[in-house]
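A short write-up of the structure that comes next.
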Amino acid sequence: MYRPLLAGLAVCLLPLTLHAADNLSRVALPTDVQPTRYDVSIVPDAQHMSFSGSVKIALDVKSATKVIEFNSADLALNRLALDGKAAPRPVFDTTKQTATLNFPTALKPGRHILRIDYAGKINPHPAGLYALDYSDKTGAKKRALFTQFENSDARRFIPSWDEPNRKAVFVLTATVPSSDFPVSNMPIAVTEKLAGGLKRVRFMPSPRMSSYLLFFGTGDFERVSRKVNGVDIGVVFKRGDGNKARYALDEASKFLPYYEAYFGVKFPLPKLDMIAGPGTSQTFGAMENWGAIFYFERALMLDPKTGSEADRRNISVDVAHEMAHQWFGDLVTMDWWDDLWLNEGFASWMQNKANDHFHPEWHMWMDSIDARENAMRVDARAGTHPIITAIHDVLMANQAFDTITYSKGQAVIWMLESYVGEDAFRAGIRAYMKDHAYGNTVTDDLWREIDKVSKTPVTQIAHDFTLQAGVPLIRATKAGPGLRLTQERAVDDNSENSATSWHVPVVLRDLGNSKRWQGIVTRETPADVPLSSDKGGLVNAGQTAYFRTAYDDAAFQNIVTAFPALAPEDELGLINDARDNGYVGLTPFSHFLTLASKVTPATNVKVLDTLEGRMSGIDQVYRDLPGQKAYRAFVQKVLDPVFANTGWDAKPGEDSNVAILRSDLIGTLSQIGDPAVIAEAGRRFDLYRANPDSMSGDMRQAVMDVIARHADATRWEQLRQLAKTTTDSALREEFYTYLGAAENPAIAQKALELALTDEPPTTVRPRIVAATANLHPEMAFDFFVAHRDAFNQILEPDARDRFPMQLASGSFEPAMIEKVKVYAEKYVPASARGDSVKAEGAIAYWAKIRATSLPEIDKWLSSRS
Ligand SMILES: [Zn+2]
């Protein structure tokens with residue numbers, strides 16, 4: 001699954017507290033009854049938001065038993081028969097979401113057929129079978145149906161053994177309006193015309209797979225396709241959007257042969273569809289159903305006229321991520337949710353690897369460094385958890401989709417690949433795919449395969465980084481002509497400075513002669529690395545390992561001297577470490593400011609982009625403090641020459657990274673109040689209103705960002721008119737979200753009130769609130785609390801507890817901590833308060849930075865002026 005953050009939230013998605021749970025206490029179905037095949041037939045009634053179904057499940061009873069227990073949630077099981085004879089009435093457990101049949105006599109081992117006729121609900125949000133309503137280009141109201149099952153909602157569609165290690169064959173039949181375009185994992189085998197304007201389609205049998213990967217969708221769709229390596233690759237979208245499907249189809253057509261070669265396994269299904277659903281979700285962006293990947297349309301569809309460079313890259317990343325899952329996750333699946341990171345960490349790593357292959361000019365590995373940075377920031381706080389964490393039951397599994405699973409997961413895989421080498425790592429992956437195809441695995445199965453082909457074993461390092469929480473800190477201290485490397489744990493407060501030790505693979509580059517030293521540093525075994533001169537050394541050269549580096553002042557002086565000539569990824573890593581170490585007091589904040597003042601327009605574009613992002617983030621923490629003015633002057637001084645170089649308009653043939661940098665620079669310069677930038681954006685906004693075709697997607701997003709931030713009542717209404725009148729659903733969503741971005745509190749209040757009305761599309765309404773929380777977290781949180789019932793109607797169930805905590809997380813006000821606590825105690829069950837604990841931690845973290853780090857910046861700035 002691909003889980004982007006809610007638009008507009010300043011802080012990254014917080015990890016939840018995952019309580020260690022003993023494997024013995026895992027809540028899972030008994031294993032003496034195994035499903036081998038489901039023949040399921042459903043008849044949706046889209047108008048009444050319900051469906052009827054019947055399923056014939058082939059069971060393999062392993063040992064004599066009187067009990068058949070399976071998953072069922074929100075389904076009415078009307079008639080049950082085993083081997084043609086009426087079965088006992090089911091006993092339901094709504095907490096465990098199970099139904100149990102207690103037979104008077106034991107069933108014999110061997111094959112049995114369980115048949116169930118049942119009825120279920122079509123949900124208004126993505127869980128089980130659900131509806132997405134939209135207006136087509138003519139304004140006509142339409143309803144499309146889709147399914148979303150990960151991690152445990154197939155049981156809302158079929159009474160089933162809804163656990164990842166209960167793989168079976170699925171044969172799906174559906175009765176839909178004859179004008180519909182139904183789509184599932186496999187191609188249609190038979191279509192039958194029925195009376196009443198209906199048709200019945202039966203899809204071909206799926207391969208053996210996990211229930212969470214089954215998919216069904218139907219609606220007024222179209223499809224474009226292309227045959228690649230014998231696989232029919234398609235994009236399925238709502239009628240009329242054909243011009244937006246081309247880019248994703250082109251990208252997928254490149255990725256498929258690449259993945260087949262990388263994994264050493266042909267794509268196992270005859271077709272691979274990518275389905276675009278209208279709207280957006282608060283909990284996910286895309287889902288890797290085998291052969292039928294679902295995306296919310298922004299993650300798949302690119303309008304060549306209005307799309308931006310950032311949109312284009314996001315689509316490439318999302319498509320590469322979901323396609324990697326077709327092997328890693330779908331063909332070979334984790335045995336249980338404990339090992340979810342195997343799916344998500346791997347796909348997150350591969351999304352950059354595949355894109356780096358086809359778009360080397362994008363410097364995707366710099367994005368990996370950013371993802372690592374996000375992971376380290378949450379992993380250094382109290383309450384983090386190891387990558388592999390015991391998941392007690394499927395309900396808890398939902399909490400495992402977090403920054404640690406995705407971003408730390410990808411960082412650790414990247415580190416291990418660099419450690420054993422690309423060829424050995426790929427050989428291990430190929431063996432793993434071959435040995436476990438159509439099966440389930442635990443993480444050690446992967447390490448075992450890699451150890452077999454690698455010169456150096458990885459299991460020890462892999463265990464240290466996946467079974468222990470936290471971030472190692474390597475201190476580099478100048479010792480004579482060399483560097484002494486020692487290990488601690490990087491923590492944001494002193495509460496968790498445990499004695500954790502990691503086997504950290506360190507690569508150190510001698511800045512005198514560019515030679516590399518490699519070694520393992522643990523807490524117990526520091527390293528003394530001799531250097532060729534007094535020019536010093538660069539730790540974590542290449543930035544592939546997961547740790548922070550803190551240089552002492554003497555070692556840092558060498559870094560400053562060498563900085564302009566370093567590789568871009570090293571410059572990026574140094575900027576990140578200096579900022580974060582500065583925030584928490586591991587090194588002086590002057591390290592970051594010194595590096596910032598070393599950049600020039602000639603610095604690598606992505607380094608500049610990250611730097612301006614970091615500077616903008618610090619400005620946000622400065623909100624309303626007296627030192628903000630001097631800090632903004634410093635930012636302006638650093639960024640002015642860079643912006644003078646990029647200019648407002650694209651130059652013919654420029655590096656495509658510049659488009660993104662330009663857009664981000666305009667945003668940051670407007671944030672710090674640059675009057676020239678604000679005025680020029682206003683002029684361009686008026687041009688856009690007169691003629692939307694006059695502007696590229698990149699420029700539109702940059703201009704809207706400025707207009708939205710500085711909006712007065714007139715500008716805000718103009719923006720709202722754009723939102724109301726556009727016929728493009730993605731643009732409508734974008735404009736409405738911008739309405740929440742105003743600095744002016746009275747305008748922000750208007751946006752919150754608008755989010756309560758039916759004017760914006762339902763799925764966009766929470767995004768407006770989230771956008772408001774970016775600059776007004778307290779106001780957004782209070783407003784949410786005051787209108788909690790209304791918002792909970794439009795929030796997806798999985799987002800309800802998390803959403804208000806995300807709003808509050810950007811606050812710097814210590815008083816908010818109490819408010820969050822009170823809210824959680826009143827509304828959130830004790831077992832699900834991980835989010836509130838994290839929000840409280842985040843607020844305290846920001847408050848501390850305002851109290852300690854920012855005065856340090858003030859001092860540095862005044863000492864220079
Ligand atoms: Zn994923």
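Applying a 10 Å radius around every beta-carbon, put 180-188, 101-109, 235-243, 375-383 in order of their mean neighbour count, most first. Intermediate results must be reported in sequence, preceding the final value.
Numbers: 180-188: 21.2, 101-109: 12.9, 235-243: 19.0, 375-383: 22.8.
Per-residue mean Cβ counts within 10 Å order the peptides as 375-383, 180-188, 235-243, 101-109.
So, how do all the Cα-to-Cα distances of the stretch 278-427 break down into 5 Å bins, in percent, from 0 on up?
Pair shares across the bins are 2, 9, 16, 21, 22, 16, 9, 4, 1, 0.
For the stretch 60-170, with only Lys/Arg (+1) and Asp/Glu (-1) charged at the beta-carbon, what is the dipole magnitude about the Cα centre, in debye rounded to 20?
Values: 18 positive and 12 negative charges, 59 e Å.
Computed charge dipole of the stretch 60-170: roughly 280 debye.
May I ask what percent, to the nearest 5, of DSSP beta bridges between residues of the chain are antiparallel? The partial results should precede the final answer.
Working: 97 of 121 bridges.
Close to 80 percent.
Give the shape of the stretch 658-753 as rounded, prolate or oblate, defined through the alpha-carbon gyration tensor: a ≥ b ≥ c are the square roots of its eigenvalues, a/c under 1.5 means rounded, and otherwise the shape is prolate if a/b is larger than b/c and oblate if not. Mind dumping the intermediate values first?
Details: a/c = 1.59, a/b = 1.08, b/c = 1.48.
Here the stretch 658-753 falls in the oblate category.
With no solvent and one equal point scatterer placed on each C-alpha of the chain, evaluate the Debye formula and give log10 I(q)/I(0) for q = 0.09 Å⁻¹, two decimals.
The calculated log intensity ratios at q = 0.09 Å⁻¹ are -0.94.
Does the stretch 767-832 classify as rounded, prolate or oblate by the C-alpha gyration tensor (a ≥ b ≥ c root eigenvalues; a/c under 1.5 gives rounded; else a/b over b/c gives prolate, otherwise oblate)?
Working: a/c = 1.76, a/b = 1.09, b/c = 1.61.
Oblate.
Just subtract the alpha-carbon distance of VAL91 and ALA479 from 0.36 nm times their residue separation and send over the number in nm, one decimal.
On the way: separation 388, 0.36 × 388 = 139.68 nm, distance 7.11 nm.
Result: 132.6 nm gained on full extension.
With +1 on each Lys and Arg Cβ and -1 on each Asp and Glu Cβ, and nothing else charged, work out how big the dipole of the stretch 469-609 is about its Cα centre, in Debye to the nearest 20. Don't skip to the end; give the middle numbers.
Values: 13 positive and 16 negative charges, 73 e Å.
So the dipole magnitude of the stretch 469-609 works out to roughly 360 debye.
Quick one: helix 713-725 against the long Cα principal axis of the chain, what's the angle to the nearest 10°, folded into 0 to 90?
On a 0 to 90 degree scale, this one is about 30.
Sort 790-801, 290-301 for me by packing, meaning the mean count of neighbouring Cβ atoms within 10 Å per residue, highest on top.
Numbers: 790-801: 17.8, 290-301: 26.5.
Final packing ranking: 290-301, 790-801.
Amide H neighbours of TRP161 under 5 Å, at least 5 residues apart or on other chains, H built in the peptide plane: list them.
ASN71
Can you give the FRET efficiency to the nearest 0.05 for ALA815 and LYS859, using r as the Cβ-Cβ distance and R₀ = 25 Å?
Details: r = 27 Å, r/R0 = 1.09.
Efficiency computed from Cβ-Cβ geometry: 0.35.
Run the numbers on the chain and let me know its relative contact order in percent, using alpha-carbon pairs under 8 Å that are six or more apart. Walk me through the intermediate numbers first.
Details: 1737 pairs, mean separation 89.2, N = 865.
Once divided by the residue count of the chain, the mean separation gives 10 percent.
Just the Cα atoms of the stretch 713-840: what Rg and Dmax do they give in Å?
Calculated on Cα positions, Rg and Dmax stand at 14.9, 47 Å.
How far is it, in nm, from the label point at ARG111 to the one at ASN78 when both lie 7 Å from their Cα along the line to the Cβ?
The modelled label-to-label distance comes out at 2.9 nm.
Using a probe of 1.4 angstrom, how much of the accessible area of the chain is carbon and sulfur, in percent?
Values: 16330 of 31180 Å².
For the chain, the apolar C and S fraction of the accessible surface comes to 52 percent.
Which angle between 0 and 90 degrees, to the nearest 10, do you get for helix 745-755 versus the longest principal axis of the chain when only C-alpha atoms count?
That helix lies at roughly 10 degrees to the long axis.
How big is the Kirkwood radius of the stretch 449-544, worked out from every pair of different alpha carbons and given in Å to one decimal? Intermediate results must be reported in sequence, preceding the final value.
Values: mean 1/r = 0.0687 Å⁻¹.
Hydrodynamic radius (Kirkwood, Cα pairs) of the stretch 449-544 is 14.6 Å.
Using +1 at the Cβ of each Lys and Arg and -1 at the Cβ of each Asp and Glu in the stretch 148-215, identify which of PHE149, GLY196, SER160 lies farthest towards the dipole's positive end.
About the Cα centre, the residue reaching furthest to the positive side is GLY196.
At what distance in angstrom do the alpha carbon centres of the stretch 295-350 and the stretch 510-564 lie from each other?
First find each Cα centre; the distance between them is then 35 Å.
Could you state the accessible area per residue of the stretch 709-865 in Å², with a 1.4 Å probe and every protein chain left in place? Before the final figure, lay out each step's value.
Numbers: 6320 Å² over 157 residues.
For the stretch 709-865, the solvent-accessible area averages 40 Å² per residue.
What size of dipole, in debye to the nearest 20, comes out for the chain about its Cα centre when the only charges are +1 on Lys and Arg C-beta atoms and -1 on Asp and Glu C-beta atoms? Write down the numbers at each step before the final one.
Working: 96 positive and 107 negative charges, 323 e Å.
Its charge dipole is roughly 1540 debye.
Angle check, please: helix 697-709 long axis (alpha carbons) against the longest principal axis of the chain (alpha carbons), in degrees 0 to 90, nearest 10.
The answer is roughly 70 degrees.
Going toward the positive end of the dipole of the chain, with +1 on Lys and Arg Cβ and -1 on Asp and Glu Cβ, which of LEU129, TRP362, TYR736 do you reach last?
About the Cα centre, the residue reaching furthest to the positive side is LEU129.
Within 10 Å, count the other beta carbons around each residue, average over each peptide in 162-169, 517-524, 477-484, and list them highest first.
On the way: 162-169: 21.5, 517-524: 15.0, 477-484: 17.4.
Top to bottom by mean Cβ count within 10 Å: 162-169, 477-484, 517-524.
Using a Förster radius of 45 Å, what is the FRET efficiency between ASN513 and LEU687 based on their Cβ-Cβ separation? Nearest 0.05, please. Walk me through the numbers on the way to the answer.
Details: r = 55 Å, r/R0 = 1.23.
So the FRET efficiency works out to roughly 0.20.
If you take the charge dipole of the chain about its Cα centre, with +1 on Lys and Arg Cβ and -1 on Asp and Glu Cβ, which of TYR118, GLN806, VAL621 is farthest toward its positive end?
Highest projection toward the positive end goes to TYR118.
Using the Cα gyration tensor of the stretch 144-219, with a ≥ b ≥ c the square roots of its eigenvalues, what is the shape: rounded (a/c below 1.5), prolate (a/b larger than b/c) or oblate (neither)?
Numbers: a/c = 2.58, a/b = 1.84, b/c = 1.40.
Cα axes put the stretch 144-219 in the prolate bin.
The values are calculated or read from the model by the stated rules, or taken from the named source; none is laboratory data. It should be emphasised that the depicted structure is a prediction, and the values quoted were computed from it without experimental measurement. Note that we place each Cβ from the backbone using ideal geometry, even for glycine, and neighbour counts take in every protein chain shown. For the accessible areas, the whole protein counts, side chains as well, though only heavy atoms, and no ligand, DNA or RNA atoms are used. Shrake-Rupley method; radii C 1.70, N 1.55, O 1.52, S 1.80 Å.
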